[in-house]
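Here is the structure we will look at, set down as structure tokens.
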Amino acid sequence: MIRRGFQVVARLGQHRALPGTRHILPRLNPTSAFGSTTDSLVSRFCQEKTDLKDYALPNASWCPDMLSLYQEFLEKTKADGWIKLPSFKSNRDHIQGLKLPSGLAVTSDKSDWRIFTRCILAEGQGYEYVIFFHPSKKKSVCLFQPGPYLEGAPGFAHGGSLAALMDETFSKTAYLAGEGLFTLSLNIRFKNLIPMGSLAVLNVDVERMEDQKLYMSCVAQSRDGQTVYAKSSGVFLQLQLEEE
């Protein structure tokens, strides 16, 4: 089933289908995907009433830079159109009432699902991050503080930990900006190492949307912008979720 799911995604991720061929899964209407549906997507993703734990809230492990920049963006949510995204332990919690399209669903008897970037529960030991999204600008900012369980070179975050969080920030932005669900490609150029326990700021932009794909870019840098840690680009496949 998983292999068939990847085959479906891979075939959809190729260039436009030939005239007269049947689409494996429905194509999106660009105007609805990039316009009127954004509010409804954000509303469903950012549940106002929930008993689920939000892991994107300050805790004692956050460094001063992380805390102060978080407060700055929190102020921007009041007047500048930014939205703080909650972060639950699983994407299943974000899309309650929806499911992956037919042919991509996987059944299992396990219940403790966790998204990769929320698999380390101890505060400050793994991924500490929060994402702010701007619906009209189709962009996101992620504040990231790596903990000691993400170490690569001694004293610095592993490059793979940054790559995973870039992909995660891309995916949340892609979904809210235009129902982007699957990563088709991710390209990264590393520039500098991120010191453990420090703040890295990931700036993500949706560059364009065409042929049922979202093209995105990301720059990870220090708070003052003087040090660039990495630059990346990603392509995401647009795919509508189905009602359960």
**Asked** In nm, to one decimal, how far is the LEU100 label point from the ASN203 one, both placed 7 Å along Cα→Cβ?
**Response** 3.4 nm
**Request:** Find how much the distance from TRP113 to ASN187 grows on full extension, using 0.36 nm per residue of separation minus their present alpha carbon separation; answer in nm with one decimal.
**Result:** 23.9 nm
**Fill in**
A correct Karplus calculation of ³J(HN,Hα) over the range 166-180, with 6.51 cos²θ - 1.76 cosθ + 1.60, θ = phi - 60°, whole Hz and x for Gly and Pro, returns 4, 4, 5, 5, 4, 5, 5, 5, 4, 5, 6, 7, x, 6, x
**Asked** Within the range 52-87, whose backbone N sits under 14 Å from a point 7 Å along Cα→Cβ of GLU123?
**Response** 54-64, 67
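What is the mean projected area of the alpha carbon convex hull for the range 117-227, to one decimal in square nanometres? Mind dumping the intermediate values first?
Values: hull surface 28.3 nm².
Approximately 7.1 nm², given one-decimal rounding.
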**Item:** Placed amide H near GLU128: partners under 5 Å, 5+ positions off or other chain
**Value:** GLN145, GLY147
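Over the range 97-244, what percent of the accessible surface lies on carbon and sulfur atoms, probe 1.4 Å? Working shown, then result.
Values: 3130 of 6400 Å².
Here carbon and sulfur together make up 49 percent of the probe-accessible area.
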**Request:** Pull up all non-local amide H partners of PHE182: gap of 5 or more, or a different chain, and H-to-H distance under 5 Å with H placed in the peptide plane.
**Result:** LEU237
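By how many nm would the segment from LYS137 to ASN59 grow when fully extended, if each residue of separation counts as 0.36 nm and the alpha-carbon distance is taken off? All intermediate terms of the calculation are to be shown ahead of the outcome.
Working: separation 78, 0.36 × 78 = 28.08 nm, distance 2.91 nm.
Here the answer is 25.2 nm.
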**Asked** By per-residue mean of other Cβ atoms within 10 Å, what is the highest-first order of 146-154, 68-76?
**Response** 146-154, 68-76
**Complete:** For HIS94 the rounded accessible area (nearest 10 Å², probe 1.4 Å, non-protein molecules ignored) is 10 Å²
**Fill in**
Placing each pseudo-label 7 Å from Cα in the direction of the beta carbon, ALA153 and ARG223 end up separated by a distance in nanometres of 2.3 nm
**Candidate lysines for bridging to LYS139, where Cα separation is under 27 Å - those fewer than 8 sequence places away on the same chain excluded** = LYS49, LYS53, LYS76, LYS78, LYS84, LYS89, LYS99, LYS172, LYS191, LYS213, LYS231
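Between GLU210 and GLN47, take the C-beta separation as r, use R0 = 41 Å, and let me know the FRET efficiency to the nearest 0.05. Kindly include the intermediate steps, with their values, before the conclusion.
Numbers: r = 31 Å, r/R0 = 0.76.
Working from the Cβ atoms, E equals 0.85.
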**Asked** Ordered by residue, what ³J(HN,Hα) values in Hz, to whole numbers, does the range 57-74 give under the Karplus form 6.51 cos²θ - 1.76 cosθ + 1.60, where θ = phi - 60° and Gly and Pro are x?
**Response** 10, x, 9, 5, 7, 5, 6, x, 4, 4, 5, 5, 6, 4, 5, 4, 6, 4
**Asked** Could you give the dipole magnitude of the range 114-244 about its Cα centre, charging the beta-carbon of Lys and Arg +1 and that of Asp and Glu -1, in debye to the nearest 20?
**Response** 480 debye
**Message:** Cut-off 15 Å, label point 7 angstrom out along Cα-to-Cβ of ASP39: give me the residues of the range 171-197 whose amide nitrogen falls inside.
**Reply:** none
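The values are calculated or read from the model by the stated rules, or taken from the named source; none is laboratory data. Small disclaimer: the values here were computed from a predicted structure and weren't measured. Backbone-built Cβ (ideal geometry, glycine too); neighbour counts: all protein chains shown. Surface areas here come from the heavy atoms of the whole protein model, side chains and all, with no ligands, DNA or RNA. Shrake-Rupley method; radii C 1.70, N 1.55, O 1.52, S 1.80 Å.
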